[in-house]
Amino acid sequence: MNIDDVNDPHSDFKFDTLAIRAGHVRTHEGEHGEPLFLTSSYVFTDSAEAAARFSGEQSGNVYSRYTNPTVSILEKRIAALECAERAVATSSGMAAILSTCMTFLKAGDHIVCSRSVFGATTVLLDKYLSRFGIETTFVSLTDLDQWHQAMRPQTRILYLETPSNPLCDVADVESVAAIARKNNALLVVDNCFCTPALQQPLKLGADLIIHSATKYLDGQGRCLGGIVAGSKELIGQVLTFIRTAGPTMSPFNAWVFLKGLETLKLRMHAHSSNAMELAIWLQEQPKVKEVFYAGLESHPGHKLASRQQTAFGGVLSFKVKGDRKEAWKVIDSTKLMSLTANLGDTKTTIVHPATTTHGRLSLEQKEEAGITGNLIRVAVGLEDIDDLKEDLLQGLKAL
């Protein structure tokens with residue numbers, strides 16, 4: 001079977017095959033690996049061809065701000081994995097969110113957003129988009145009545161993460177999608193924590209998927225990047241904004257992400273396995289007050305996550321007995337885990353959300369989102385689980 005058949009959206013190839021081969025069309029050199037096109041522009045055969053390319057009458061590369069063969073391979077591959085018609089790559093996850101908002105919102109429009117989102121997302125909506133007359137109502141991720149009640153005639157976007165950062169709350173995507181459809185709004189889902197290896201929100205009724213490719217799609221903390229995936233019509237509109245504004249992914253970063261995708265499903269299930277074992281272990285520790293991980297049967301979103309996801313992901317959080325002082329002592333007493341705000345890495349990372357990832361939120365916003373001083377987030381990597389337990393045990397012994 002020809003490699004081009006892998007790029008057919010109606011092909012019967014399975015996820016792991018698509019993660020390795022989708023989108024790759026070989027050049028005349030016959031390369032086995034994906035080619036890296038480090039060029040800013042492209043040479044045309046004549047003026048007529050240049051005019052046709054710029055106008056869109058003829059397909060082909062124009063300028064690497066919005067057309068690059070390496071980036072195109074990544075976009076096609078992510079679209080295949082998310083069961084989307086099309087995807088577009090951006091310079092970062094936040095650039096993907098901004099590009100989506102700038103494409104579909106104007107002054108006077110309204111967003112309904114979960115309170116349980118990444119801190120920078122809250123700041124973007126609440127501080128910056130509000131300057132342009134775009135208002136946001138923040139609601140509970142899990143309370144469908146709040147989503148219903150927040151809707152207005154001007155509502156254009158419903159935005160959520162599931163599982164949420166950092167408390168791992170789980171949204172009923174199908175139900176929120178129904179609310180969006182009833183009100184002629186778009187449902188945008190950040191699928192960063194699960195990736196398409198564990199969850200495909202478009203199948204549950206979402207309109208657009210957001211990724212910080214920086215996280216699990218790369219998997220080794222090497223590059224920044226973002227993705228928006230959805231229908232051809234919607235992504236075409238996002239691409240028009242990106243073409244003009246320029247929050248573009250670099251070809252080198254796209255090439256790195258392509259390598260990461262080749263092991264995505266293997267990594268996500270290994271992350272999930274480690275996280276599950278660590279969450280169970282943390283529940284047994286006397287100095288741990290509460291553990292947040294949807295894989296635990298005690299988690300309120302466990303049954304819903306079991307329906308929407310094939311595993312529970314690699315991120316968990318927990319509260320220690322005490323407050324910020326005690327949380328910092330635990331974090332600072334670990335030796336193996338990396339103290340960094342990034343996640344999705346083969347290396348386990350540990351962080352204090354209230355003073356880092358969600359540090360720019362007001363005290364009221366933190367309280368509403370459940371971000372307390374004694375909360376610690378761990379993005380569980382692929383090290384030996386016994387070593388991770390021992391490292392956290394050293395931290396807990398410091399209390």
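Some observations on this one:
- Taking one quarter of the surface of the convex hull spanned by the alpha-carbon atoms of region 225-310 gives a direction-averaged projected area of 8.9 nm².
- Lys/Arg +1, Asp/Glu -1 at C-beta; the chain dipole; positive extreme among Val288, Tyr216, Ala270: Val288
- With contacts taken as Cα pairs under 8 Å at a separation of at least 6 residues, region 3-261 carries a relative contact order of 23 percent.
- Mean residue ellipticity at 222 nm, helices only, the chain: -11000 deg cm²/dmol; runs of at least 4 DSSP H residues each add -39,500 (n - 2.57), and the sum is divided by the number of residues.
- For region 264-397, the antiparallel share of DSSP beta bridges with both residues in that region comes to about 85%.
- Distance from the Cα centroid of region 337-399 to that of region 265-325 is 12 Å (rounded to whole angstrom).
- In terms of surrounding Cβ atoms within a 10 Å radius of their Cβ, Cys113, Cys83 rank from fewest to most as Cys83, Cys113.
- Relative pair counts by distance (%), Cα atoms of region 17-164, 10 Å bins: 10, 27, 27, 21, 12, 2
- The residue list Leu105, Trp328, Leu167 was ranked by how far each Cα lies along the charge dipole of the chain toward its positive end, using unit charges on Cβ atoms, and Trp328 comes out on top.
- Over all other residues within a Cβ to Cβ distance under 9 Å of Gly230, the charged ones net out to -2, with Lys and Arg as +1 and Asp and Glu as -1.
- In the calculated pair-distance distribution of region 264-397, the portion above 21 angstrom amounts to 38 percent of the Cα-Cα pairs.
- With a cut-off of 15 Å between beta carbons, the residues surrounding Asp145 carry a summed charge of 0, where Lys and Arg count +1 and Asp and Glu -1.
- Relative contact order, whole percent, for region 184-330 stands at 21, derived from Cα pairs under 8 Å and 6 or more residues apart.
- Radius 13 Å from Cβ of Ser175, net charge of other residues (Lys, Arg +1; Asp, Glu -1): -1
- Value of relative contact order over region 28-141, rounded to a whole percent, pairs C-alpha under 8 Å and six or more apart: 17
- Only Lys, Arg (+1) and Asp, Glu (-1) charged, at Cβ; the chain dipole about Cα centre in debye: 840
- Remark: Leu141, Leu98 ranked as Leu98, Leu141, counting other beta-carbon atoms within 10 Å and listing the fewest first.
- DSSP beta bridges in the chain [antiparallel fraction, %, rounded to 5]: 55
- Compactness relative to 2.2 N^0.38 Å, alpha carbon Rg of region 180-290: 1.32
Values in this text are rule-based calculations from the coordinates and carry no lab data. The structure displayed is predicted, hence computed values, not measured ones. Here Cβ is always computed from backbone atoms with ideal geometry, including for glycine, and neighbour counts include all displayed protein chains.
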